[in-house]
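One structure is given here, and the rest of the page talks about it.
The values are calculated or read from the model by the stated rules, or taken from the named source; none is laboratory data. No experiment lies behind these values; they were computed from the predicted model shown. Cβ atoms come from the backbone with ideal geometry, glycine included; neighbour counts cover every protein chain shown.
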Amino acid sequence: MELKTIQSSIYEIRGQKVMLDFDLAEMYQVETRVLKQAVKRNLDQFPEDFMFQLSKQEWQEVITNCDNLLPATAKFSPATPLAFTEQGVAMLSGVLKSKKAKQVNIAIMRAFVFLRQYALSHKDLTDKLKQLESKYDQQFKDVYDAINFLLNKDQQMTQQQSRKQIGFKKNP
C-alpha cells in the first residue's frame with residue numbers, strides 16, 4: 001500500500017488524526033458494513049480515544065473541506081462514519097484477523113509515524129521562523145519609525161511654509 005494513498009485518508013477531526021471507516025474498509029478490501037460489524041462485536045476493544053462516531057455536523061465539515069469526498073459521498077449509508085485514531089486502527093488488525101488487514105495495518109502505522117515525525121520537524125521550522133520574525137521585527141519597526149519620522153518632518157516643514165506670516169515684513 002502506498003504511503004501517499006494512506007496519508008490522503010488521514011483527517012484531523014476533534015484535534016486528532018483519524019481514518020474513516022469507509023477508507024479503512026477499502027484498504028482492507030472488505031465492505032464497510034463488515035468492518036462495522038466486526039467493530040460492534042468487539043466494542044470493548046474500542047474506547048472513545050480509539051474510535052468515535054462523527055456527528056452530522058462533523059461529517060458535513062469533512063465533506064465540505066475534502067474535495068475528494070464530494071462525488072463519493074453518494075455511496076455512503078445515511079449513518080455518519082466511524083473515525084479511528086491510530087490506536088483504533090491498530091486494534092482493527094486484531095478484530096479483522098485477515099492477512100491483508102495485518103499488512104495494511106503495518107503500512108498505516110508507518111504513515112502515522114511519518115506524519116508524527118513530519119509534524120515534529122515542521123514544529124521546529126515554525127519555531128525557527130518565529131525566532132527570526134521576533135529578531136527582525138524590531139529592525140523593521142525601527143526602519144518603519146524612521147521613515148514615518150522623515151515623512152512627518154516633511155509634512156511639518158510644508159505646513160510651516162504655508163502659514164500666513166504675522167508681523168512686520170522686512171524690507172531689503
Check your understanding: Somewhere in the range 57-78, is a residue at pLDDT below 85 and of a type in the set (Lys, Arg)?
Key -> yes
Review point. Got a number for residues in the range 14-62 being within 25 Å of Phe114 (Cα to Cα) and among the β-branched types (Val, Ile, Thr)?
Key: 2
**Study point:** Pair list, Cβ under 7 Å, 6 or more apart: the range 5-16 residue within 15 Å of Phe52 (Cβ to Cβ), other residue surrounded by 13 or more Cβ atoms within 10 Å (Cβ to Cβ) and at pLDDT 85 or above
**Key:** Tyr11/Val18; Tyr11/Leu20; Tyr11/Val62; Ile13/Leu54; Ile13/Glu58; Ile13/Val62; Ile13/Ala83; Gln16/Thr85
Review point. From the residues in the range 79-108 that are without any contact (Cβ under 8 Å) to a residue 24 or more places away in the chain and part of a helix (DSSP H, G or I), which one is surrounded by the fewest Cβ atoms within 10 Å (Cβ to Cβ)?
Key: Lys99
